[in-house]
Protein chains: 2
Amino acid sequence: MDIALLVGYLASLCSVTSFVPQVWKVVRTGDTAAISGRMYTFTVIGFALWSAFGILKTEWPIILTNSICFCLSGYILIRKLRANA
Amino acid sequence: MDIALLVGYLASLCSVTSFVPQVWKVVRTGDTAAISGRMYTFTVIGFALWSAFGILKTEWPIILTNSICFCLSGYILIRKLRANA
């Protein structure tokens, strides 16, 4: 495994470790009051675009991290938009 | 400009747009109470490793996004650790 890929997977592990607990708390409690819907829309689009970038470059650390975060954040955004509706 | 680079820069723009206002609020108010120091350490290490990954791969969208976010989040982590000390 080359060094860049190793660094990429470690980076991916840190991103997921730091992002998932926050997201999981919102998923578990359903409390989306602290989230800005407008800003979170950029977060979700960002993860989608990073996933696309990873696919275009065939970079697995990027694809894995961002597709996991995209699914979690996408679910939260739907919850948030429903809570506001 | 190839399509992957364009997607990368759009992704970068979304990430920075969604992350910077949150971070800026903490920088401006100095209020780090809502931040988990342990989780945020992973966030900061993650941005550092993504920057290193970008440098190793010479991917400018990754380098730019993550070095900006690394500086901002690093500053916040220092504030948080000082507030706890």
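Descending by average beta-carbon neighbour count within 10 Å, the peptides A:25-36, B:63-74 line up as B:63-74, A:25-36, the highest first.
Taking a ≥ b ≥ c as the square roots of the eigenvalues of the Cα gyration tensor, an a/c ratio of 1.5 or more together with a/b no larger than b/c marks the protein assembly as shown as oblate. With label points defined 7 Å past Cα in the direction of Cβ, position A:V20 shows copy-to-copy spacings of 3.1 nm, given to one decimal and shortest first.
With a simple spin-label model that places each label point 7 Å from the Cα along the Cα-to-Cβ direction, the separation between B:T29 and B:R82 comes to 1.9 nm.
Ascending distances from the B:Y75 label point to its copies in the other chains, with the point 7 Å along the Cα-to-beta-carbon line: 3.4 nm. A 1.4 Å probe, protein heavy atoms only, puts the accessible area of B:F47 near 30 Å². Across the identical copies, the 7 Å label point of A:L6, projected outward along Cα→Cβ, sits 3.7 nm from its counterparts, in ascending order.
The values are calculated or read from the model by the stated rules, or taken from the named source; none is laboratory data. Computed from a prediction, not measured in an experiment: that's the story for all the values here. Neighbour counts are summed over all protein chains in view; Cβ atoms, including those assigned to glycine, are modelled from backbone coordinates with ideal geometry. Accessible surface is based on the protein model in full, side chains and every heavy atom, while ligands, DNA and RNA are left aside. Shrake-Rupley method; radii C 1.70, N 1.55, O 1.52, S 1.80 Å.
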